[in-house]
Amino acid sequence: MTLKQLFAPSDMTEGKPWEKIVIFTLPMLIGNIAQQLYSTVDSIVVGKYVGDNALAAVGSSSPILNLLLVLFMGISVGAGVMVSQFFGAKNRRELSITIGNCITLTALASLIIMVVGALGIRPLLELLNTPESIIDWCDSYLMILIMGIAGCAYYNILCGILRGLGDSISALLYLLVATVLNIILDLFFVATLHMGVAGVALATVIAQAISAVLCVIKLCKMEDIFDMGVSHLKISGHHTMTIIRLGLPSGLTQAIFSLAMIIVQSLTNSFGELVIAANVIIMRVDGFAMMPNFSFGTAMTTYAGQNVGARRYDRVEQGSRQGTLIAVITSTVITGLILIFGKYLMGIFTDTTELVNLSANMMKILAVGYIAMAVTQCLSGVMRGAGDTMTPMWISLITTVAIRVPLAYGIAFLTRTPELPNGAYQSIWISLLSSWVMGAVITSICYLKGGWKKKALSLN
C-alpha cells in the first residue's frame with residue numbers, strides 16, 4: 001500500500017470484511033486514544049502540579065461538558081451515516097450538499113452552545129451540590145472550554161465526515177499533532193505560568209482548534225470525491241432534516257447518558273472529594289479501556305453504511321460477525337491488563353496512596369464490563385450504519401435511566417449506616433457494570449430480531 005493510498009478514502013464494499021474493518025479501525029483507535037489524552041493529560045498535570053482537589057474539579061466537570069456537546073454528537077452521527085451511504089452509492093451531488101450542510105449546522109450549533117453554556121454553567125454546578133472547595137475551579141474550566149467550543153465541534157464533525165469517506169488516517173495524523181501541542185501547552189500554562197485548571201482548559205481549546213483547521217484543509221483537497229463551494233453551505237431543508245432525523249436519536253442518547261451522569265455525579269459529590277477524585281481517575285482509565293469498543297463501533301457504522309449504500313447486505317452481516325468477534329477478543333485482553341496492572345495505572349495520576357488503592361479496587365468492579373460493551377458498540381454501530389438509529393437510542397435509554405440511575409441510588413440507600421450516612425460509594429460502579437451487561441443482552445436480542453434490515457431496505 002502506497003502513502004497516497006493510505007491517506008485515500010477506503011471503499012469497504014469490496015475485499016475481506018474483517019480486514020477492511022481492522023485496517024479502518026486501527027488508525028481510528030490510535031486517534032481515539034490520542035484524543036483521550038486531552039482529558040487525561042489535563043488530569044495528570046493538575047493532579048501532580050496543583051493537587052487532588054483540582055483533579056476532582058476537572059473530572060467532575062466532564063458530565064456537564066458532555067451534556068452541552070450533544071448537538072454536535074447528533075450532527076456528527078447523522079453526517080457519518082449519510083456521507084458513508086452517498087459515498088458507497090457514488091452520489092457526488094448528494095455527498096457535496098450533505099457535507100456543506102454539516103459545516104453550516106455546526107456553526108449554528110456552536111453559537112447556541114456558547115450562549116446556553118455561559119448562562120447555565122454556574123447554576124448547574126450549584127444544583128449538583130458541587131463542593132465549595134472545587135466549584136470555582138469547575139466554573140472557570142468549563143467556561144473556557146465552552147467559549148472555544150467551535151474548534152472541538154468542527155474537529156469531531158469533520159472527522160466524522162472523513163471517516164464516512166473511509167479516511168481514518170488523516171484524522172489520526174491531525175489529532176496526533178494537536179495532542180502533542182496540548183501536552184506542551186498544558187505543561188507551559190500550568191507548570192510554568194501556574195494558571196491551574198484554567199491553563200489546561202486553554203491548552204485544550206487551542207489544540208482542538210488547530211486539529212479542526214487541519215481537517216478543513218484536508219477536505220478542501222478532496223475535489224475528486226465531492227465539491228465544496230459556497231452554494232453547498234446553504235441550508236437544504238431536506239438534507240438538514242435527514243441529518244437531524246438520523247442524528248437526533250444518537251444525540252438524545254448522549255443527552256440521556258449525560259443527564260444520568262450528572263445525576264450520578266450528584267451522588268458521587270455526596271461522598272466527598274476523595275471519592276470524586278477516585279471517580280475521575282477511574283473514568284480516565286475507563287476512557288482508554290473503552291476506546292477499542294468505540295473505535296470498532298464507529299468502524300462498523302461506516303462499514304454497514306457503505307455496504308447498505310451499495311446494496312451489499314450479505315457483506316453487512318458477515319462483517320458484523322467478524323468485527324464483533326475481534327472487538328470481544330480485544331476487550332478481553334484489555335480486561336486482563338486492567339486486573340493485573342490497575343494499581344500502577346492509578347499511580348500515574350496521584351501520589352496519594354489512599355486514592356490509588358481506592359481507584360484500583362473500584363476499577364476491578366468495572367473490568368469485565370468492557371467485554372459486554374464490545375458487543376453493544378459493534379452491533380449498535382451496524383444498526384446505525386443501516387439507518388436504524390432509534391433502536392440504539394431506546395436501549396441506551398433503558399440501560400441508563402431505568403437501570404443505572406435507580407440502581408446507583410437504590411444501593412446507596414440500602415447500604416446507609418451511621419458510619420456511612422450516604423451509603424456505600426461502591427454503588428456508583430456496581431450500577432454502571434450492571435447497565436453495561438444488560439445493554440449487551442438487549443442489543444444482541446434487537447440485532448438478531450433484524451429490524452435494522454428493514455430500515456436498510458427502506459433507505460434504498
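Starting from residues that are under 13 Å from L187 (Cβ atoms) and part of a helix (DSSP H, G or I), keep the ones in region 39-57 and report whichever is modelled with the lowest pLDDT.
The residue in question is D42.
Tell me whether region 373-384 contains one or more residues that are of a type outside the set (G, A, S) and open to solvent by 70 Å² or more (accessible area, probe 1.4 Å).
No - not one qualifying residue is present in region 373-384.
What about T332, is it within 25 Å of G160 (Cβ to Cβ) and modelled with pLDDT of 85 or more?
No: the conditions fail for T332.
Going by the conditions given, is D314 modelled with pLDDT under 90, of a type outside the set (A, V, I, L, M) and surrounded by 24 or more Cβ atoms within 10 Å (Cβ to Cβ)?
no
Can you name the condition, by its number, that S10 falls short on among (1) modelled with pLDDT under 75; (2) assigned to a helix (DSSP H, G or I); (3) open to solvent by less than 40 Å² (accessible area, probe 1.4 Å)?
Status for S10: all satisfied but (2).
Could you tell me which residue of region 232-244 is nearest to the chain's Cα centre (by Cα), considering only residues that are open to solvent by 60 Å² or more (accessible area, probe 1.4 Å), more than 28 Å from L172 (Cβ to Cβ) and touching a residue at least 12 places away in the same chain (Cβ under 8 Å)?
The qualifying residue nearest to the chain's Cα centre (by Cα) is I244.
Report whether or not F271 is part of a loop (DSSP other than H, G, I, E, B), closer than 30 Å to S133 by Cβ and either open to solvent by 10 Å² or more (accessible area, probe 1.4 Å) or at pLDDT below 85 (or both).
In short, yes.
Suppose we keep only residues that are in a loop (DSSP other than H, G, I, E, B) and in contact with a Leu (Cβ under 8 Å, 6 or more places away or on another chain) within region 157-209. Which one would you say is nearest to L37 (Cα to Cα)?
This residue is S168.
Suppose the filter is in a helix (DSSP H, G or I), touching a Gly at 6+ places or on another chain (Cβ under 6 Å), touching a residue at least 40 places away in the same chain (Cβ under 8 Å) and closer than 25 Å to M195 by Cβ; does L124 pass it?
no
How about region 49-61: which of its residues are in contact with a Ser or Thr (Cβ under 8 Å, 6 or more places away or on another chain) and either surrounded by fewer than 22 Cβ atoms within 10 Å (Cβ to Cβ) or among the acidic types (D, E) (or both)?
Correct list: D52, N53.
Since R384 meets every condition but one in (1) under 24 Å from T25 (Cα atoms); (2) in contact with a Phe, Trp or Tyr (Cβ under 7 Å, 6 or more places away or on another chain), which condition does it not meet?
Among (1) under 24 Å from T25 (Cα atoms); (2) in contact with a Phe, Trp or Tyr (Cβ under 7 Å, 6 or more places away or on another chain), R384 violates only (2).
Of the residues that sit in region 210-225 and are assigned to a helix (DSSP H, G or I) and among the β-branched types (V, I, T), which one is nearest to I99 (Cα to Cα)?
Checking each candidate, the answer is V216.
Within the set of pairs 6+ apart or on separate chains, which have a first residue in region 201-226 that is touching a residue at least 60 places away in the same chain (Cβ under 8 Å), a second that is open to solvent by 40 Å² or more (accessible area, probe 1.4 Å) and basic (K, R), and C-beta atoms under 9 Å apart?
I225/R92; F226/R92; F226/R93
The values are calculated or read from the model by the stated rules, or taken from the named source; none is laboratory data. On a predicted model such as this, the values are computed, not experimentally measured, just so you know. No Cβ is skipped: glycine too gets one built from the backbone with ideal geometry, and neighbour counts run over all protein chains shown. Ligands, DNA and RNA are excluded from the accessible area calculation, which covers all protein heavy atoms including side chains. Shrake-Rupley method; radii C 1.70, N 1.55, O 1.52, S 1.80 Å.
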